[in-house]
Amino acid sequence: DFSGEWYFAEESLLSVALFYKDIDSYVQNLRETRPFNTTGLPDSLLPPGMPNDTPFEITSAVNTPGGPLKGYELNYQQAFSFLPGFWSDFGLLLNYTHVESEIDYAVSPTSGTYVTNDLVNLSPDAWNATVYYETDKFSARVSGSYRDDYLQRVPGQNNNDVEGKHETFNLDFSLTWNLSKQLALTLEGINLTDEFNHQFVDSVGDRTSVYHHTGRQFYAGFRYQF
């Protein structure tokens, strides 16, 4: 890992980070259908009268060859204290991350065949942006967050090559009003862009497997310190 940081003004930062990680072995869960008598488990576990060659869905963890992962991260943070009037209470936070990975995944626990693809649950590109306003009495933040498509399972189940989740962009906000040193009122809004949880199977067919809608969420409350 390598990182460099430049504090070019009060409450301000510009930084870059480079990273490379060699994953010697990735632990992968695989599911396959095979006869019970190939599992090594005793026949006494079977229900009475069930043949020991009855096919079962078997899930097992295997060690894979892994692979390299590399990327970089950029950060920018600045308080706009140089601006006149109430504009001096604003500020900005920006972050961008890019990742490349080449992980070898086992096709089955015993075949010795592997496929290469991105590391699961890791988006190749992601960024975050926050604009804030903050004083002793009042603070407000609006944040946007983008996440690229990412894989959730390699290889996919039921003869699909992959399973994954489509890109998302979420917009949130939060407000805090300090009525006194003890009492503060809060208001928060989550998922203002009304993003759906859209998951897919097969990299070519791109068939929808999950399409969940949770909607926008708003929370109002207060905090009191004794």
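The values are calculated or read from the model by the stated rules, or taken from the named source; none is laboratory data. Source: prediction; values computed, not measured. Every residue, glycine among them, receives a Cβ derived from its backbone with ideal geometry; neighbour counts consider all protein chains shown. Each accessible area value is taken on the protein alone, full model and side chains, heavy atoms only, with ligands, DNA and RNA left out. Shrake-Rupley method; radii C 1.70, N 1.55, O 1.52, S 1.80 Å.
Screening the range 104-135 for residues that are among the charged types (D, E, K, R) and out of contact with any His (no Cβ under 7 Å at 6 or more places or on another chain) and picking the one that is nearest to Trp177 (Cα to Cα) gives Glu134.
Only one entry of Thr110, Thr116 meets the criterion of being closer than 22 Å to Val162 by Cβ, of a type in the set (Ser, Thr, Tyr), outside any loop (DSSP other than H, G, I, E, B) and open to solvent by 60 Å² or more (accessible area, probe 1.4 Å), and that entry is Thr116. Only one of the numbered conditions (1) in a loop (DSSP other than H, G, I, E, B); (2) open to solvent by 70 Å² or more (accessible area, probe 1.4 Å) is violated by Phe218, and that is (1). I'd like the full set of residues that are under 25 Å from Val162 (Cβ atoms) and either open to solvent by 90 Å² or more (accessible area, probe 1.4 Å) or of a type in the set (S, T, N, Q) (or both), limited to the range 28-54. The answer is Gln28, Asn29, Arg31, Thr33.
Residue pairs whose Cβ atoms lie under 9 Å apart, separated by 6 or more positions or on different chains, with the first residue in the range 39-52 and β-branched (Val, Ile, Thr) and modelled with pLDDT of 90 or more and the second assigned to a loop (DSSP other than H, G, I, E, B) and surrounded by 11 or more Cβ atoms within 10 Å (Cβ to Cβ), do not occur.
Output the number of residues of the range 74-106 satisfying the condition of being more than 21 Å from Asp22 (Cα to Cα), aliphatic (A, V, I, L, M) and over 20 Å from the mean Cα position of the chain (by Cα).
First pass over the range 74-106, keeping only residues more than 21 Å from Asp22 (Cα to Cα): 74-96.
Narrowing further to those that are aliphatic (A, V, I, L, M): 74, 79, 83, 92-94.
Next, only the ones that are over 20 Å from the mean Cα position of the chain (by Cα) stay: 79, 83, 92.
Final tally of qualifying residues: 3.
Applying a threshold of 9 Å to beta carbon distances and a minimum spacing of six or more residues, or different chains, the list of pairs starting in the range 180-204 at a residue that is of a type in the set (Gly, Ala, Ser) and ending at one that is assigned to a loop (DSSP other than H, G, I, E, B) and surrounded by 14 or more Cβ atoms within 10 Å (Cβ to Cβ) reads Ser203/Gly156; Ser203/Asn160; Ser203/Asp161; Ser203/Val162. Regarding the range 163-185, can at least one residue be identified that is farther than 30 Å from Thr59 by Cβ, in contact with a strand residue (DSSP E or B) (Cβ under 9 Å, 6 or more places away or on another chain), assigned to a loop (DSSP other than H, G, I, E, B) and among the aliphatic types (A, V, I, L, M)? Within the range 163-185 (the criterion being farther than 30 Å from Thr59 by Cβ, in contact with a strand residue (DSSP E or B) (Cβ under 9 Å, 6 or more places away or on another chain), assigned to a loop (DSSP other than H, G, I, E, B) and among the aliphatic types (A, V, I, L, M)), the answer is yes, since at least one residue qualifies.
Would you mention how many residues in the range 146-162 are among the charged types (D, E, K, R) and not in a loop (DSSP other than H, G, I, E, B)? Even if it seems obvious, please write down each step before you answer.
Within the range 146-162, the first condition is being among the charged types (D, E, K, R), and the residues that meet it are 147-149, 153, 161.
Subsequent filtering for residues that are not in a loop (DSSP other than H, G, I, E, B) retains 147, 153.
Residues in the range 146-162 being among the charged types (D, E, K, R) and not in a loop (DSSP other than H, G, I, E, B): 2 in total.
In the range 146-164, the residue that is least open to solvent (accessible area, probe 1.4 Å) out of those that are within 19 Å of the chain's Cα centre (by Cα) and without any contact (Cβ under 8 Å) to a residue 40 or more places away in the chain is Gly164. Applying a threshold of 7 Å to beta carbon distances and a minimum spacing of six or more residues, or different chains, the list of pairs starting in the range 1-29 at a residue that is in contact (Cβ under 8 Å) with a residue 24 or more places away in the chain and farther than 30 Å from Phe82 by Cβ and ending at one that is among the aromatic types (Phe, Trp, Tyr) and open to solvent by 100 Å² or more (accessible area, probe 1.4 Å) reads Leu18/Phe2.
If I ask for residues that are open to solvent by 60 Å² or more (accessible area, probe 1.4 Å), assigned to a strand (DSSP E or B) and of a type in the set (D, E, K, R), which ones from the range 119-145 would you list? Can you show your working first?
Going through the range 119-145, the residues open to solvent by 60 Å² or more (accessible area, probe 1.4 Å) turn out to be 121, 127-128, 131, 134, 136-138, 141-142.
Now drop any that are not assigned to a strand (DSSP E or B), which leaves 127-128, 131, 134, 138, 141-142.
Once the filter is applied, which keeps residues that are open to solvent by 60 Å² or more (accessible area, probe 1.4 Å), assigned to a strand (DSSP E or B) and of a type in the set (D, E, K, R), the range 119-145 yields Glu134, Arg141.
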